[in-house]
Amino acid sequence: MKKYLLSALALAAACMSAHVSAQKLTGVTVEPTTAQVGQPVTVAIDLEAGDAAYCGVRFYWGDNDTTDIKIEDKNAIPYRLTHTYKQPGQYRLMAEGKSVTGRMLCTGKNVYANLTVVAPAPVAAAPAASGQCPDGWTLNKASVNKKTGAYTCTARPGTSLPATNAACPGDLSYFENAKKGQLGCRP
């Protein structure tokens, strides 16, 4: 009788062990690894799901925000989340097994990823003075759009164009017209 009881206990322990280890946290990745403030980032939480996935995870975004996750479908693994950061900085992201609304916690060690968030690239300002237009060209101050960065430099028709084009901000395109004596950036 003792032999059967020990065998039954060993079998139950093996089943419980297999069930628990089947929902083990194995990793977390973040894309992109460097993002701009206001740009969404996506994380993927990996689990060893086995035959089923039914456990809880708490995800720490590194900016005092957390997300509780109920893993319920092994086909949804890796589990994906998105988040947007409001401040630049270095962030350490972490997934931790946690009992979430009645779900048992996912097992395994906490998994981490690093993220760098940078300030958005400033919109290049239009040339503020004629000195920023190429030699022989003058800024048409009425053409400056402070919101978009669009501008036009003018010269006498037929003035030679510069050897290199100006870099235009955002969605603006560089234009030049030697016959009219115009160049600059416009939508």
- Task: Pairs only if they're at least six apart or on different chains, beta carbon under 9 angstrom, first in segment 25-49 and free of Cβ contacts under 8 Å to residues at least 40 places away in the same chain, second of a type in the set (Lys, Arg) and exposed (fewer than 15 other Cβ atoms within 10 Å of the Cβ); list them, first residue then second.
- Result: Ala44/Arg80
- Message: Could you check segment 38-51 and list, in sequence order, the residues that are loosely packed, with under 14 Cβ neighbours inside 10 Å and assigned to a loop (DSSP other than H, G, I, E, B)?
- Response: Gly38, Gln39, Asp51
- Message: Could you list, ordered by first residue, the pairs with Cβ atoms under 8 Å in which the first is in segment 134-160 and free of Cβ contacts under 8 Å to residues at least 60 places away in the same chain and the second is among the basic types (Lys, Arg) and not in a strand (DSSP E or B), at least 6 apart or interchain?
- Response: Pro157/Lys179; Pro157/Lys180; Gly158/Lys179
- Query: Just a yes or no: is a residue in segment 108-115 crowded, with 19+ Cβ neighbours inside 10 Å, out of contact with any Gly (no Cβ under 8 Å at 6 or more places or on another chain), not aliphatic (A, V, I, L, M) and not in a loop (DSSP other than H, G, I, E, B)?
  - Reply: no
- Task: Test Thr154 against the stated conditions and say whether it is of a type in the set (Val, Ile, Thr) and more than 28 Å from Arg186 (Cβ to Cβ).
- Result: no
- Count of residues meeting criterion [acidic (Asp, Glu) and touching a helix residue (DSSP H, G or I) at 6+ places or on another chain (Cβ under 6 Å)] in segment 19-68: 0
- Task: Examine segment 19-37 for a residue that is in contact with a strand residue (DSSP E or B) (Cβ under 7 Å, 6 or more places away or on another chain), modelled with pLDDT under 75, surrounded by 16 or more Cβ atoms within 10 Å (Cβ to Cβ) and within 13 Å of Gly108 (Cβ to Cβ), and state whether such a residue exists.
- Result: yes
- Can you pull out the residues in segment 52-75 that are part of a loop (DSSP other than H, G, I, E, B) and over 15 Å from Cys106 (Cβ atoms)? Trp61, Gly62, Asp63, Asn64, Asp65
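Here's the yes/no breakdown for (1) outside any loop (DSSP other than H, G, I, E, B); (2) surrounded by 12 or more Cβ atoms within 10 Å (Cβ to Cβ); (3) in contact with a helix residue (DSSP H, G or I) (Cβ under 6 Å, 6 or more places away or on another chain):
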residue: Asn145; (1), (2), (3): no, yes, no
residue: Leu161; (1), (2), (3): no, yes, no
residue: Thr164; (1), (2), (3): no, no, no
residue: Cys168; (1), (2), (3): no, yes, no
residue: Gly184; (1), (2), (3): yes, yes, no
- Message: As an exercise: evaluate Ala126 against (1) in a loop (DSSP other than H, G, I, E, B); (2) at pLDDT 90 or above; (3) surrounded by 14 or more Cβ atoms within 10 Å (Cβ to Cβ) and give the number of the one condition it does not meet.
- Response: (2)
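The values are calculated or read from the model by the stated rules, or taken from the named source; none is laboratory data. In this text the structure is predicted, and so the values were computed from the model without any measurement. Here Cβ is always computed from backbone atoms with ideal geometry, including for glycine, and neighbour counts include all displayed protein chains.
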